[in-house]
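Participant: Sharing a structure below in structure tokens format, with a few things to ask.
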Amino acid sequence: AAASTSTQPRKIVQDTETPTTLHIYVASAMSAYAAAAYINNRLVFAKSKVAPTKTRTIPELELMAMPLGKLWDSFYERHSQVCSDSQVCIARLSSDKVLKSFVRNIVEKIKAHGAAYRYVSTSNNPA
């Protein structure tokens, strides 16, 4: 007989009376980029990836980390905020300038998520 399977939606369950925000922090280095998600100052999940073999700038890697962190937003039904210590990345998200295709594609992907993005200082970024 075949084994039966069932699927359960993955959601972060919490007290519905307490207003909370999912804070997703992103960071990058020349060798990797990462995102870490926190609720009420508690780490709920983290993800990192090795940087591509093609050399990228730190701002490009930081942009690549933003959609990585935003993937977790589907598990959380309340407000989320993506925080970056790259002022260049935050500026590119609101820029009307013509961007090179690689950067433009990532910016469009990030904007499609519709999250709030804000700057945090490097010393306040746990990612």
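Participant: Probe of 1.4 angstrom, ligands and nucleic acids ignored: what's the accessible area per residue over region 79-126, in square angstrom? Please report the intermediate quantities before stating the final value.
Facilitator: Details: 2940 Å² over 48 residues.
On a per-residue basis, region 79-126 sits at 61 Å².
Participant: At residue 21 and residue 111, where each label point lies 7 Å from the Cα along Cα→Cβ, what is the point-to-point distance in nanometres?
Facilitator: Taking the simple label geometry, residue 21 and residue 111 are separated by 2.2 nm.
Participant: Now, a different point. For the pair residue 87/residue 54, report the inter-label distance in nm, with labels modelled 7 Å from Cα in the Cβ direction.
Facilitator: Calculated label separation equals 2.9 nm.
Participant: Give the calculated FRET efficiency between residue 79 and residue 41 to the nearest 0.05, with a Förster radius of 22 Å applied to their Cβ-Cβ distance.
Facilitator: My answer for the efficiency is 0.85.
Participant: State, to one decimal in nm, how far the label point of residue 118 lies from the label point of residue 96, with both points 7 Å from Cα in the Cβ direction.
Facilitator: 2.6
The values are calculated or read from the model by the stated rules, or taken from the named source; none is laboratory data. Small disclaimer: the values here were computed from a predicted structure and weren't measured. Please note: Cβ atoms are built from the backbone with ideal geometry, for glycine as well, and neighbour counts cover all protein chains shown. Accessible surface areas use protein heavy atoms only, side chains included; no ligands, DNA or RNA. Shrake-Rupley method; radii C 1.70, N 1.55, O 1.52, S 1.80 Å.
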